[in-house]
Amino acid sequence: ACTGIENIDEAITLLEQNNWDLVAAINGVIPQENGILQSEYGGETLHGPAYGPTSHSTAASSTPSSSSAFRHVVPSRQIVERQPRMLDFRVEYRDRNVDVVLEDSSTVGDIKHILENELQIPASKMLLKGWKTGDVDDSTVLKTLHLPKNNSLYVLTPDLPPPSSSHSGALQESLNQNFMLIVTHREVQREYNLNFSGSSTIQEVKRNVYDLTSIPVRHQLWEGWPPSATDDSMTLAVSGVTFPCHRLTVGRRSSPVQTREQSEEQCTDVHMVSDSDGDDFEDATEFGVDDGEMFGVASSALRKSPMMPENAENEGDALLQFTAEFSSRYGDCHPVYFIGSLEAAFQEAFYGKARDRKLLAIYLHHDESVLTNVFCSQMLCAESIVSYLSQNFITWAWDMTKEANRARFLTMCTRHFGSVVAQTIRTQKTDQFPLFLIIMGKRSSNEVLNVIQGNTTVDELMMRLMAAMEIFSAQQQEDIKDEDEREARENVKREQDEAYRISLEADRAKREAQEREMAEQFRLEQIRKEQEEEREAIRLSLEQSLPPEPEEESTESVSKLRIRTPSGEFFERRFLASSKLQVVFDFVASKGYPWEEYKLLGTFPRRDVTQLDPNKSLLEVKLYPQETLFLEAKE
């Protein structure tokens, strides 16, 4: 409509050149001012003649404003020249998956030849199913089918026997398998792709179809059930439906009053009409009989356990029960629900580092809504939705079925989101449930980006989740930038503080070292002074204790000793020859040379006098009548 391009090959080529960005592809072929194509292909800005949509659309040509607003440029030949387009196929056969990549110029037969080598099955025995278009044979060129890049197919081999295994093992495996039922609504010509586990019953399938088509089970007219499916209580695993995909058609019975011939014709195939058959229940609703009673069972017996206990004191315990009940109803492939209070979910989603933050998805369940079963089983449990939610969202759930739980959530909603959002949820009707709230945390408040109602499709749900994610990603990038700048500032401040601390530590250590050195010097000086004082006291004591020096004219024998110090000085003194050698030692010590530190040496012969007995007299040690001695420091 915007570009006037009707050739699908050209459109796909342009999309691939723009990495499947639709806006970029459209902008690439719609000229801006002065007719210049603003999209760059191959690194050059391209020019081309502009023309209006009149050549493609008569309606558009009738509106001059449309002509000017939607003018487009025919891309140059070298831009749209078609490169070989590669298609990816995921082919499923029993318990195997085979990936096949081919150019779109290949045929369906080429795929079969590749599968023949991989699966060791003759190509003539294969039925390749899963095409979105009509009849396809081996000569069909893939390009003519206008396929997307990624495709899923499955192989059927009706002429080959199934692999041998024990009956119980095969049955258990079938119960664990997922069946896709492609149900066509005959009156509106609409097709539904429904996934069911092998343990689901035919009755459950019909009830799900009732939610989608509004055709009560008793009025459903079916085609396509296998002959072995004779009872609505049978599971899909034993009913004989084709795995992994089976096609069915459903319509509304034309009239409650049928001719005998019509009844007999329909009774020839028991699978054409639901087992909730007959005119006995045609007007059951008028007499207060619900769908549960149609099967001879009271509706209360068919009701499942509540998703959440009423008036639950602990939100974590309530969500544990919700998760367990959800798994029992819809299988284990479902979003991972956060177990804890709504405040804890906020903390987990919004208050971590900017890179780790996520959107908060709040799922509001309601058992009385006709949309709940289909929304949970077909959309909320779809693998693509489950994977996207687990990667980008924190998912929290609440059951709004009970009035007490509803009032409790509205109170929480008012506290966290304000009265406007609470009033919006309060005014939602039961049939508009379930609801899916997308919450984004901001600096000052929490913003509700989107409220998704239950009447949606998987594609629409995914698109709205992705749209919310785009808004969140833009905000997250700003938050990351602000956080990085703040961390950079804090790092600089920390580095400055650390450098200042290290400088203070160095100054303190230097000051303490100086103080220790001064204290050590003072201590050593004190010791030296004390030692000097002690030595001086000893010297004075020795000097006073020396006997008086005898006169030269003394009548007693006198020994004259001349002592040379290490510095070369001499001092002399006379001693009585009868004086002990200790007197000489005391004399030398009184001059500042204690005999503990110095030794006294004789000359001829050279001897160490300090080694002699100090109690002997000078005459006995032969220091008489005179002698020259030398003082030498001990080592």
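The values are calculated or read from the model by the stated rules, or taken from the named source; none is laboratory data. Here the structure is a predicted model, which is why all the values come from computation and not from measurement. When the accessible area is computed, the model is the full protein with side chains, heavy atoms only, and any ligands, DNA or RNA have been set aside. Shrake-Rupley method; radii C 1.70, N 1.55, O 1.52, S 1.80 Å.
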*Enclosed volume per residue, in Å³, of the convex hull spanned by Cα atoms of the range 171-252*: 76
_From phi via Karplus (6.51, -1.76, 1.60), per-residue ³J(HN,Hα) for the range 629-635 in Hz, x at Gly/Pro_ = 10, 10, 8, 9, 5, 6, 6
*From the phi of every residue in the range 459-470, what ³J(HN,Hα) in whole Hz does the Karplus formula 6.51 cos²θ - 1.76 cosθ + 1.60 yield, where θ is phi - 60° and glycine or proline is x?*
5, 5, 4, 5, 4, 6, 5, 5, 5, 5, 5, 5
*What per residue convex hull volume, in Å³, comes out for the range 558-633 when only alpha-carbon positions are used?*
76
_With an 8 Å Cα cut-off and a minimum separation of 6 or more residues, compute the relative contact order for the range 403-520 in percent._
13
*Could you tell me which of the pairs Lys580/Lys634; Lys112/Lys206; Lys206/Lys402; Lys112/Lys149 are separated by over 25 angstrom between their Cα atoms in the structure shown?*
Lys112/Lys206; Lys206/Lys402
_Debye intensity ratio in log₁₀ form over the Cα atoms of the range 86-156, taken at each q of 0.23 Å⁻¹_ = -1.05
*State the percentage of accessible surface on the range 477-604 attributable to carbon and sulfur atoms; use a 1.4 Å probe and exclude ligands, DNA and RNA.*
49
*Would you pull out the residues with amide H under 5 Å of Gln177's amide H, same chain only if 5 or more places away, H placed 1.01 Å from N?*
Gly198
_Just to be sure I follow: if Rg is taken over the C-alpha atoms of the range 318-481 and Rh is the Kirkwood radius over the same atoms, what is Rg/Rh?_
0.94
_Alpha-carbon centroid distance for the pair the range 593-635 / the range 309-349, whole angstrom_ = 106
*State in Å² the accessible area per residue of the range 171-252; use a 1.4 Å probe, count heavy atoms of protein chains only, and round to the nearest integer.*
42
*1.4 Å probe accessible area per residue over the range 563-610, in Å²*: 49
_³J(HN,Hα) computed for each position of the range 202-216 - Karplus, 6.51 cos²θ - 1.76 cosθ + 1.60, integer Hz, glycine/proline x_ = 4, 4, 5, 4, 5, 5, 5, 5, 4, 4, 7, 10, 6, 9, x
*Whichever lysines have a C-alpha closer than 29 Å to that of Lys510, once near sequence neighbours (fewer than 8 apart) are set aside*: Lys493, Lys529
*Which residues' amide hydrogens lie under 5 Å from the amide hydrogen of Thr401, considering only partners 5 or more residues apart or on another chain, with H built in the peptide plane?*
Asp367
_For the range 519-579 versus the range 370-434, the gap between their alpha-carbon centres in whole angstrom_ = 110
_Heavy-atom SASA rank of Glu517, Glu487, Glu315 (probe 1.4 Å, accessible area, largest first)_ = Glu517, Glu487, Glu315
*Cα gyration tensor of the range 509-575, axes a ≥ b ≥ c as square roots of the eigenvalues: rounded (a/c below 1.5), prolate (a/b > b/c) or oblate?*
prolate
